[in-house]
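Data first, discussion second: the structure below is written as structure tokens.
The values are calculated or read from the model by the stated rules, or taken from the named source; none is laboratory data. Keep in mind it's a predicted model, so treat the numbers as computed, not measured. A quick note on method: Cβ atoms are made from the backbone with ideal geometry, for glycine too, and the neighbour counts reach across all protein chains shown.
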Amino acid sequence: MKSSYGWRKRIAYVMIGVLLLAFAAGCSRGAQEIVSTENETETVQKDETNIRVSALKGPTAMGLVKFMNDAENNNVGEESYTFSISASPDEVTPKIVQGDLDIAAVPANLASILYNQTDGAVQVLMVNTLGVLYIVENGDTIHSAADLKGKTIYASGKGSTPEYALNYILEKNGLVPGTDVTIEWKSEHSECVAAISADPSKIAMLPQPFVTTAQEKTPSLRVALDLTEEWDKVQKDGEEKSTLITGVTVVRKEFADEHKEAVEQFLKRYQESVEYVQTHEKEAANLVGAYDIVTEEVAKKALPECSIVYYDGEEMKEMLSGYLSVLNEQNPKSIGGELPEDDFYYTK
């Protein structure tokens, strides 16, 4: 394991943050916050157990919309939640490390990196999104991964699942990223959409629902490759099969240990929200639009392709450990240097 010096320093930040929060009780925690409280008296009573949750603008937030709506409308019993929606994992990571968030949806490999960099202070609760990555083009030239040779791809997600999934698929098809295929990295998926909208001759790697957003702006844009299918193709002869996983939900271990019942309730409501989104696409699309994740019209088309799921317990462990093993073989740095130990996986 890594030296504990860095983590001790982060603990100091957390303690300072707690003191500041105590001094400035009642202050806002960020943009797009939804807090569930019954009345002012209950708000004071619940401050210490309020669960601060962040999701990424995409499928992870889309799976939570029913939950967020229930919290906003005080339909979560005696529980209290604060939700925020972030555009990039870079916004979430320091907040988890410093203790400003309790639970967060993050890219699957980032969960492992956080675990390794914090000496096991982060646990994964569930898998929330499977493969949602696609190569799109305005033409009909790409029909296999081999056809990407000589191409330039706009992409977002450097240092997380998109980069490592793309590199893995390219390498397994005999292509060297950066040599045979040029990848231009953008900070957000929306920048990739803007880039190919401005220059339809370019291609991009996009997740849903941003594929649908791009097709709304450029109707001639087509899905050339489903990277989940490409992943499965290169996995078919392997001894141990793995699944392409995009997102997971993590919790600070300290919080989980101190508030186990609250975490269990969170998991229950999260699962109910995912099931609602899966079975009530029209109503879910309306909520997705209301929370400004994507427009309602885009959500209606994109939801069936967003691979929103809920897997916890042993099933989650089996899926995620297999995926991380593939990344570890490709590049140990992609998961923080080593595979997480068993305590990485939260158990009820």
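Tabulated data for the structure shown
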read-out	value
Residues that are at pLDDT 90 or above and either outside the structural domain of residue 167 (by TED's automatic domain parsing) or in contact with a Leu (Cβ under 7 Å, 6 or more places away or on another chain) (or both), drawn from segment 191-214	205
Matching residues in segment 78-92 - criterion: being touching a strand residue (DSSP E or B) at 6+ places or on another chain (Cβ under 9 Å) and farther than 19 Å from residue 59 by Cβ	79, 80, 81, 82
Only listed residue being outside the structural domain of residue 67 (by TED's automatic domain parsing) and either closer than 23 Å to residue 335 by Cβ or in a helix (DSSP H, G or I) (or both), chosen from 229, 283, 297	229
Candidate set: segment 97-108, residues that are within 20 Å of residue 157 (Cβ to Cβ) and in contact with a Gly (Cβ under 8 Å, 6 or more places away or on another chain); chosen: the one surrounded by the fewest Cβ atoms within 10 Å (Cβ to Cβ)	107
Subset of segment 174-201 [touching a residue at least 60 places away in the same chain (Cβ under 8 Å), more than 20 Å from residue 289 (Cβ to Cβ) and buried (at least 17 other Cβ atoms within 10 Å of the Cβ)]	196
Hits in segment 69-96 (condition: among the hydrophobic types (A, V, I, L, M, F, W, C) and surrounded by fewer than 23 Cβ atoms within 10 Å (Cβ to Cβ))	76, 87
Among the candidates 165, 214, 194, 204, residue that is assigned to a strand (DSSP E or B) and of a type in the set (A, V, I, L, M)	204
Among (1) assigned to a helix (DSSP H, G or I); (2) surrounded by fewer than 19 Cβ atoms within 10 Å (Cβ to Cβ) - the single one residue 337 does not satisfy	(1)
Residue that is nearest to residue 228 (Cα to Cα) [pool: residues in segment 91-145 that are in contact (Cβ under 8 Å) with a residue 40 or more places away in the chain and among the charged types (D, E, K, R)]	137
Any hit, segment 205-222, residues being under 16 Å from residue 163 (Cβ atoms) and aliphatic (A, V, I, L, M)	yes
